[in-house]
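Asker: Submitted below is the structure of interest, expressed as structure tokens.
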Amino acid sequence: MRTAVALDQRWVLRGPMLLNYNHLYYFHVAAVEGTVAAAAQRLGVTPATVSEQLRALERVFGVELFERTQAGLKLTDAGRLAFEHTGPMFRLGERLVNQLMATTSEPTKVMRIGISIGVARSTATTFILPLFQLPDTFSSVRTDDAVELLRDLRGGLLDLVLCEGEPPVASRRGLAFVEISRTKLVAIASTSLTPAPDWRDTKLLNYRPTTSYRRDVEDFLEHRGLKPMIAGEVDDTLLLIEAVAAGGHIAIVPSTVADEAVAAGRIRILATIESANPLHAIYQDSGGARRAVEALTGRRLPP
């Protein structure tokens, strides 16, 4: 068996198989972006070029890497296996370039952090500020669906993921897993609204069923025997606060998001609830990610 690398042509030859570096990179970007059109835009080429490169790589491997659907690209089992390899590969390439081109003896480390949409919508900005105060670290924060973030964490594209609730055991296998905090929720109303004891005369804006706080709201209502009219479903906590402040509705939101509006006298708190869905940090067990989690929690993690 012979091994050769020809960097000028971007070919990697391993035994009888010839892999094109560009094919691998196009596959990697397509897997991250989720559609041919988005991958083409990121790469600065036409969608036809992306499709051609992906087909060429599939011919080399002899397997399909994507399921082509109307919604976009979905990784097959073979595609997920390939993505688990391309993630670390291109990440290491970026680090190599950064270190070789660095002008100082101690190059700045890049910390890639993913924050789920639920956490981003329900957490005060001050919560993540410690991530930007880590010494000799450049924090790059991205917001996305928790499932996508965990996939990229396993693929080596992220160092740390913050998400609400507890992810399935299978999705965090081989990763470090720490509960950071439990969210305190508050029921809010406008300062001019005084609901009846059972809330029957009040309209409640609830969360959609797929949102982690939906169960907290339903458990709270059942426990207190409250029967408000459900006026609609909204996932954006800031929109909930604005709707409540405008009058006529009540909602249940994280206290950290409501604090400013309460202090300004725009809304008032009717009740306090502790969420059953704690905030978790899931990360590759590296020194940098551990330091980031310790900065968020204010405590040292056990070895």
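The values are calculated or read from the model by the stated rules, or taken from the named source; none is laboratory data. This one's a predicted model, so the numbers in the text were calculated from it and none came from an experiment. Neighbour counts are summed over all protein chains in view; Cβ atoms, including those assigned to glycine, are modelled from backbone coordinates with ideal geometry.
Asker: Mind listing whichever residues of the range 204-236 are among the aliphatic types (A, V, I, L, M) and over 19 Å from L279 (Cα atoms)?
Answerer: Passing the criteria: L204, L205, L221, L226, M229, I230, A231, V234.
Asker: In the list D198, D236, which residue meets the criterion of being under 25 Å from the mean Cα position of the chain (by Cα), outside the structural domain of R151 (by TED's automatic domain parsing) and acidic (D, E)?
Answerer: That would be D236, the only listed residue that is under 25 Å from the mean Cα position of the chain (by Cα), outside the structural domain of R151 (by TED's automatic domain parsing) and acidic (D, E).
Asker: Here's a follow-up. Name the single residue that is surrounded by the most Cβ atoms within 10 Å (Cβ to Cβ) among those in the range 270-303 being in a loop (DSSP other than H, G, I, E, B) and in contact (Cβ under 8 Å) with a residue 40 or more places away in the chain. Even if it seems obvious, please write down each step before you answer.
Answerer: Just the residues of the range 270-303 that are in a loop (DSSP other than H, G, I, E, B), to begin with: 275-278, 284-286, 298-303.
This time we only want the ones that are in contact (Cβ under 8 Å) with a residue 40 or more places away in the chain, so: 275-278, 284-286, 301.
On the way: S275: 23, A276: 14, N277: 20, P278: 15, Q284: 18, D285: 11, S286: 14, L301: 14.
Filtering first and then ranking leaves S275.
Asker: Further, regarding this structure: Pick from the range 84-130 the residues that are of a type in the set (D, E, K, R) and at pLDDT 75 or above: which of them is farthest from the chain's Cα centre (by Cα)?
Answerer: Taking the candidates together, the pick is K109.
Asker: Out of (1) more than 30 Å from the chain's Cα centre (by Cα); (2) at pLDDT 85 or above, what's the single condition that is false for H28?
Answerer: (1)
Asker: For the range 205-233, what are the residues that are in contact with a Lys or Arg (Cβ under 6 Å, 6 or more places away or on another chain) and either over 16 Å from V186 (Cβ atoms) or not assigned by TED's automatic domain parsing to the domain that holds T191 (or both)?
Answerer: Result: K227, M229, A231, E233.
Asker: When you scan the range 139-246 for helices (runs of 4 or more DSSP H) that lie fully inside it, which ones turn up with 3 or more residues that are surrounded by fewer than 17 Cβ atoms within 10 Å (Cβ to Cβ)?
Answerer: 213-224, 237-245
Asker: Those residues that are in contact (Cβ under 8 Å) with a residue 40 or more places away in the chain and either in the same structural domain as L153 (by TED's automatic domain parsing) or of a type in the set (V, I, T) (or both), I need them from the range 35-81; list them, please.
Answerer: Answer for the range 35-81, where residues must be in contact (Cβ under 8 Å) with a residue 40 or more places away in the chain and either in the same structural domain as L153 (by TED's automatic domain parsing) or of a type in the set (V, I, T) (or both): just V60.
Asker: Ok, one more. Out of R208, R266, R290, R300, report the one residue that is touching a helix residue (DSSP H, G or I) at 6+ places or on another chain (Cβ under 7 Å), under 27 Å from T137 (Cβ atoms) and among the basic types (K, R). Step through it out loud before you land on a result.
Answerer: On the way: R208 fails: under 27 Å from T137 (Cβ atoms); R266 fails: under 27 Å from T137 (Cβ atoms); R290 fails: touching a helix residue (DSSP H, G or I) at 6+ places or on another chain (Cβ under 7 Å).
When all the criteria are applied, what remains is R300.
Asker: Among (1) within 17 Å of R151 (Cβ to Cβ); (2) at pLDDT 85 or above; (3) surrounded by 15 or more Cβ atoms within 10 Å (Cβ to Cβ), which single condition is E67 missing?
Answerer: (3)
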